[in-house]
Every structure is written in C-alpha cells, then in structure tokens.
Amino acid sequence: MSSQPDLRVKLGPLDLKNPVITASGTFGYGREYKDIVDPNLLGGIILKGLSLKPRAGNPPPRIVETPCGMLNAIGLANMGLDAFMKQELPRLQTLDTAVIANIYGHSIDEYGELAAALKGVDGISAIEVNISCPNVERGGMAFGTDPDVSAEVTGKVVRNTDKPVIVKLSPNVKDIRIIAKAVEEAGAHALSLINTITGMAIDIETRAPKLANITGGLSGPAIRPVAIHMVYQAVQTVDIPVIGVGGIMDSRDALEFLIAGAHAVQVGTANFVAPRATLDILEGLKIFCRDNDVAQISELIGSLKIAE
Amino acid sequence: MGLRSPEIVADAKPGQFVMIRVGSGIEPLLRRPFSICGRQGNDVFLVLYRVVGKGTAIMAETEKGGRLSVLGPLGNGFELPKPGQTVVLVAGGIGVAPLFSLAQAVKEKDIQFMAGFGSSDEIIRMDPINDLNGINISFSTDDGTKGHAGLVTDLLDEYLKKNRDRSDSMSLFICGPLPMLKRVAAMALDHNISCHASLESAMACGLGACQGCAVRSSSQEKTEFYHVCKDGPVFPIGTIDWNSL
Ligand SMILES: Cc1cc2nc3c(=O)[nH]c(=O)nc-3n(C[C@H](O)[C@H](O)[C@H](O)COP(=O)(O)OP(=O)(O)OC[C@H]3O[C@@H](n4cnc5c(N)ncnc54)[C@H](O)[C@@H]3O)c2cc1C
Ligand SMILES: Cc1cc2nc3c(=O)[nH]c(=O)nc-3n(C[C@H](O)[C@H](O)[C@H](O)COP(=O)(O)O)c2cc1C
Ligand code: FES
C-alpha cells in the first residue's frame, strides 16, 4: 500500500490525530522533553497530576528500579492550580495537539473545584480524572476502589465541566468491570487504564523499605499483561472508549492494546528509558499498518481473534 | 570509558552528567546517571565508573567500538570559580569523576586536589588522558597504603588550618560518599568557605519530568525539594538539608 495510513482515532467527543499519548506524570508538561519530542506530532499529551494547592510530594527515596519496572512514590508533587494557569498554560495553548489535564483531589469537592476552574479554559482539550489517590474523607482509602465513590467523583467532574471527561482507573481493585461500569453510568466519556499497581521493595541489608513512603506504584513492562487483561475486561463491559496504559515500550506493545480493544494508548515509563519512545511507537504503527494493508488504524481496535 | 559524541562534548560543562542506557532490553530498565569526567579532543568525553551492580557490570562488558544510547549533557554543572580564587577539590572514591572535569576546565588556576580512597590499588588517576599533569593531588587511603592514612577530611582539615587567613579566596568543590560530603559541608559552613557539592540520587528521567530525584531543601519558604537532575547535581551546600540525607 503506498498511501499513508489514517491514524486518526476518536475518544468519544475527542478527536486525536493518532492514538499515541503521553501518560500523566511521565512527561511533565511537555516542556521537559522539548529538545527531544515535538508534542504536536503526538495524539496528545497528558499533563502531570494537578491539585488545587501546590504539593511538595513525598520524602525521598521516591523511586526504585524493580525487575522490568520501577516503583514510584512521588506523592503527586505539583505546582498547584494557580501556578499552572500562570506558568504552564500559556505555552500549552500554542500547541497543536490534544492537551489533557490530569486532576486529583482529596475530597469529592476538590475534584469538582478543579473541574470548574478548567471549565471553558482554552487549550485544555479534555480532563483525565485520577481516582487512584487517597480519599481523606474516608480514612485514606483510594476513591477508585469503591464503585459508588468512583461514580460520585465522575459525576461531580462531569457536571462541573464542558470538556470530555476521561476517568483513569486504579488496577488495585477486586473487579475492574464493576468500577468501569459505575464510572460509565456516571457520565464519563472515556476510560484510561491502568494506573500503577501498588507494590513494595525491601533492602535486605538494612531491612528497611526501599521507598521512604514504604509502598509505591509499579509501572513499566512488568505490568503490561495485567493492563492488557484489564483493558480486555473493560472493553467488554462498557460502550465508551478505553485508553490502554501500562508498560508500553514499543509499537508492538501498543498494537497489543489496540487489538485488545483500546482506542488509544498512553506511554509512561518508556519516556524515561527512551525519551523518543512515543515517536518511535508512532513510526512503528505506521509501518505495521502499511505492511498489513491497514488503511485506517481504527480497523485494528478490538480486532482480537479468540477461537470459538 | 571514552564515548564519542561531538554534540555532547560541544555542549557539556564541567559537573554535568549523562544518562546511559545499559543494554537495549527492558532489564535493567532505567538509564544510569554518570558524571562527565573529562574530554579528549573535540569529540570524545570520558566517563569513569565503578562496577557496583548489574547496570555497571553490563557497561564493563561493552566492547570497544560498541554503541551505547546516551542522553545528555544533563544538569546544571559547576559554576566556575572567580578569577583569583584557590580551587579546592575534595573527592571520595569515584567522586573524583566530576571534579576531574572541573580541574581540566580550570587547570591554569591555583588548584588543591584532595582525594580519598580505600586503598592504594583503588586510586583512580586521570593524569595521562585528562591532561591534568600540572595538578598536584594529595591522597589519603583508609589503610595507609598511599598518602595520608585516614580520611580525606583530615587532609582538608589540615589544609584549612594552615590557610585560615585565606578562606575568603577559597572555593570548595566536593563529591563523594554521603558521610564525607556531610563532614566537608559542616567544615565549610564552619569556616564560612564557599562550597558546592555534587549529589547523587536515584533517577528515572534525568530531565526534570518525573520528580523522582528529590532532595530536601534547607529553606522551606523557597521550595521543599530540589531535583538533583535539573536543579543539580551541583548545589551550594547551604541550600541542602543535610540532616535529611
Ligand atoms: C548525577 C550522578 C552522577 C553519577 N556519576 C557517577 C560516576 O561518574 N561514576 C560512577 O561510577 N557512578 C556515578 N553515579 C552513580 C551511578 O549512577 C550508580 O553507581 C549506578 O547507577 C549503579 O547502577 P548499577 O545498575 O550498577 O547498580 P544497581 O544497584 O543494580 O542499580 C539499581 C538502581 O539504583 C540506581 N543507583 C544505584 N546506585 C546509585 C547511586 N549511587 N546514585 C544514583 N542511583 C543509583 C541505579 O541507577 C538503578 O536505577 C552517579 C549518580 C548520579 C545521580
Ligand atoms: C513517576 C511517575 C509519576 C506518575 N504520576 C502520575 C500522576 O500524576 N497522575 C496519574 O494519573 N498517573 C501517574 N502515573 C501513572 C502513569 O501515568 C501510568 O498510568 C503508569 O505509569 C503505567 O504506565 P507505564 O507502565 O507506561 O508507565 C505516574 C507514573 C510514574 C512512573
Ligand atoms: S530524574 Fe526525573 S526529575 Fe530528576
């Protein structure tokens, strides 16, 4: 096939020029990679998790490498809403790609306030809601582990914004399908999954946890099979589009998610290992489409074949 | 090892570092940070490393003429000392690496280089390749097999005592294991000497994006944490909360 494959995908109301997006917390505000990756070539960028007030984050050590992965306990460090609007937004408004704000709160009202603050703001294409963080009103249990609370957060954000709402699910749950369904019914336009898997590592010499926070979130290739399975489960449960995240290092990994049923993918830890990973993945997807006579990448979505 | 990259050599400042991808697979996953310790000509920079784990073990197997993926130069690097200053370099073990690059850059200045090692066979010399011939390095070894028997901080202590009246015109640059850095930092604060330390921290991105490399600042009003990869690796000692390390 000689013509360029059509890489465009739709995430409900949100149109992307291609399915490759950077994952929250792994690409900063895009600026950090400015000499390496032109964000305008990507389907979109998801910004570092944003909270109402600035947050310094957890004490170090915050990261530790594990087999084919890493644990992080950054503690959602970020500059807070006001500084974001002043320091980062103007530059982001000049980008020609989907800029997706990732928000988190410590109470349902905080989620609502953040969504309201970003309502109508030019240059923000959609909102991704991180529900994996601790809910202080409920003794620190993550919002995303309870279907009712997940739905409540989603509903609050949906009511407070005019933008497409993507809810990012936590894998640290008994049955992802129940949460996915609850969030869909509450009005989410799309789902992202998965966030990091809670894990822990111990230094056998000192017998102390390797992270100051004791536990951290596992990311990288180690979690990919779990992510693929959860995406597979979710797409069978909901009608809204799903974005696959977890351990994507190259275009083959990205294709695995698309075939499982994801409409787009997010690349996280791979940005650390190979800062150009997103661009390489994009190139690999084009080549795969060409080599396999796929005119539109959307043809691949959910093309999984399971013998009867 | 010497790595050929005219781009990195052209951009690099003393004290900056690179992130090296060891191997090409997903294990080990993350890049490893290494100081640029000097340059040869216009296209080769040097990295000095100690084999401490699986990543550095793989690096040691890299064959001559092989290719490695290197990200850099990264970080702030040393602020070069003002003219007329005596440059005092204090290194522990592999901590000599960034200080060699600084020494190479300021070699016409008055330099006092003190380096401590465990034993004489661990001493790392850079004179032949790094063109540091004129520079006088005094050594200390824990076992006394070379130079002063004891700590490199003893050498510094002695030097500072001898040159008490000149502390205004001294610039200290230090890199090494934490206990050494803490002692030297305390001495420098005591004598009110300008002092910069090159710090280490676990890193993932090296670009200021992941916030994994946080180190606690001494001034909560300014910021609670600095990031070693972006704000550092070189810090004026007064800006760091040494008790947190
Ligand atoms: C700015 C900077 C400059 C450095 N310069 C040099 C240098 O010039 N020469 C040199 O020999 N070493 C240097 N180091 C330390 C070097 O990065 C580690 O020794 C190396 O990462 C160990 O990797 P490994 O796989 O062999 O060890 P492992 O213990 O198997 O590594 C496991 C993980 O821990 C991290 N890690 C282990 N030790 C350190 C450490 N001391 N600092 C930061 N991360 C660590 C690794 O990067 C890896 O992610 C520097 C570190 C930093 C932050
Ligand atoms: C250092 C780091 C910081 C992260 N910060 C956030 C964040 O602020 N908000 C969020 O929703 N997810 C965050 N994540 C999770 C990633 O976006 C992603 O879901 C996860 O890492 C799995 O993808 P990966 O294996 O490709 O990294 C972070 C991950 C890492 C490694
Ligand atoms: S290593 Fe990622 S911010 Fe410093």
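The values are calculated or read from the model by the stated rules, or taken from the named source; none is laboratory data. These numbers were taken from a predicted model, which means no experiment stands behind them. Cβ atoms come from the backbone with ideal geometry, glycine included; neighbour counts cover every protein chain shown. What goes into the accessible areas is simple: the full protein's heavy atoms, side chains included, and nothing from ligands, DNA or RNA. Shrake-Rupley method; radii C 1.70, N 1.55, O 1.52, S 1.80 Å.
Of the candidates B:G23, B:G75, B:G38, the single residue that is on the phi > 0 side of the Ramachandran plot, of a type outside the set (V, I, T) and within 16 Å of ligand 3 (Cβ to nearest atom) is B:G75.
I'm checking my understanding of the structure. Among residues of the stretch B:30-56 that are assigned to a strand (DSSP E or B) and aromatic (F, W, Y), which one is farthest from ligand 1 (Cβ to nearest atom)? Reasoning before the result, please.
So the first thing to find is which residues in the stretch B:30-56 are assigned to a strand (DSSP E or B), and the list is B:32-35, B:38-40, B:44-46.
Restricting the remaining residues to those that are aromatic (F, W, Y) gives B:34, B:45.
Details: B:F34: 4, B:F45: 11 Å.
Going through the qualifying residues, I end up with B:F45.
Those residues that are more than 12 Å from ligand 2 (Cβ to nearest atom) and under 28 Å from A:D253 (Cα atoms), I need them from the stretch A:33-64; list them, please. So that I can check it myself, show each step before the final result.
Taking the stretch A:33-64 and keeping what is more than 12 Å from ligand 2 (Cβ to nearest atom), we get A:33-44, A:52-54, A:56, A:59-61.
The answer is A:Y33, A:K34, A:D35, A:I36, A:V37, A:D38, A:P39, A:N40, A:L41, A:L42, A:G43, A:G44.
Residues of the stretch A:276-295 being within 14 Å of chain B (Cβ to nearest Cβ) and either aromatic (F, W, Y) or within 16 Å of ligand 1 (Cβ to nearest atom) (or both), which ones? Walk me through it before giving the result.
Step one: list which residues in the stretch A:276-295 are within 14 Å of chain B (Cβ to nearest Cβ), which gives A:276-278, A:280.
The answer is none; no residue qualifies.
When the stretch A:190-203 is filtered for residues that are in contact with a Lys or Arg (Cβ under 9 Å, 6 or more places away or on another chain), touching a residue at least 40 places away in the same chain (Cβ under 8 Å) and not in a loop (DSSP other than H, G, I, E, B), the ones remaining, listed by number, are A:L191, A:S192, A:L193, A:M200.
The set of residues from the stretch B:25-56 being open to solvent by 40 Å² or more (accessible area, probe 1.4 Å) and more than 14 Å from chain A (Cβ to nearest Cβ) comprises B:R39, B:Q40, B:G41, B:N42, B:D43, B:Y49, B:R50, B:V51. Of all the listed residues (A:N40, A:N72, A:N58, A:N78), the sole one being over 17 Å from the mean Cα position of the chain (by Cα), of a type in the set (S, T, N, Q) and within 13 Å of chain B (Cβ to nearest Cβ) is A:N58. Listed residues A:S251, A:S298, A:S303; which is more than 14 Å from chain B (Cβ to nearest Cβ), farther than 23 Å from A:I179 by Cα and in contact with a Phe, Trp or Tyr (Cβ under 9 Å, 6 or more places away or on another chain)? Being more than 14 Å from chain B (Cβ to nearest Cβ), farther than 23 Å from A:I179 by Cα and in contact with a Phe, Trp or Tyr (Cβ under 9 Å, 6 or more places away or on another chain) holds for just one of A:S251, A:S298, A:S303, which is A:S251. Inside the stretch A:100-151, residues that are surrounded by fewer than 19 Cβ atoms within 10 Å (Cβ to Cβ) and either within 12 Å of ligand 2 (Cβ to nearest atom) or basic (K, R) (or both) make up a count of 2.
For the subset of the stretch A:207-233 comprising residues that are more than 14 Å from chain B (Cβ to nearest Cβ) and more than 18 Å from A:G268 (Cβ to Cβ), which member is farthest from ligand 2 (Cβ to nearest atom)?
We begin by selecting, within the stretch A:207-233, every residue more than 14 Å from chain B (Cβ to nearest Cβ); these are A:207-208, A:214-215, A:226-233.
Restricting the remaining residues to those that are more than 18 Å from A:G268 (Cβ to Cβ) gives A:207-208, A:214-215, A:232-233.
Working: A:R207: 26, A:A208: 21, A:I214: 17, A:T215: 14, A:Y232: 16, A:Q233: 17 Å.
It comes out as A:R207.
To keep it simple, each residue is scored yes or no on (1) in contact (Cβ under 8 Å) with a residue 24 or more places away in the chain; (2) open to solvent by 10 Å² or more (accessible area, probe 1.4 Å); (3) among the charged types (D, E, K, R).
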position: A:E205; (1), (2), (3): no, yes, yes
position: A:K210; (1), (2), (3): yes, yes, yes
position: A:V226; (1), (2), (3): yes, yes, no
position: A:D239; (1), (2), (3): yes, yes, yes
position: A:D250; (1), (2), (3): yes, yes, yes
position: A:H263; (1), (2), (3): yes, yes, no
position: A:I281; (1), (2), (3): yes, no, no
position: A:F288; (1), (2), (3): yes, yes, no
position: A:L300; (1), (2), (3): yes, yes, no
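Scanning the stretch B:188-209 for residues that are closer than 20 Å to B:P33 by Cβ and open to solvent by 10 Å² or more (accessible area, probe 1.4 Å), we see that the one that is farthest from the other protein chains (Cβ to nearest Cβ) is B:H196.
Okay, residues lined up against (1) assigned by TED's automatic domain parsing to the domain that holds B:V87; (2) away from ligand 1 (no atom under 16 Å from the Cβ):
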residue: B:L156; (1), (2): yes, yes
residue: B:D168; (1), (2): yes, yes
residue: B:P179; (1), (2): yes, no
residue: B:M187; (1), (2): yes, yes
residue: B:N192; (1), (2): yes, yes
residue: B:C205; (1), (2): no, no
residue: B:G208; (1), (2): no, no
residue: B:G212; (1), (2): no, no
residue: B:S219; (1), (2): no, yes
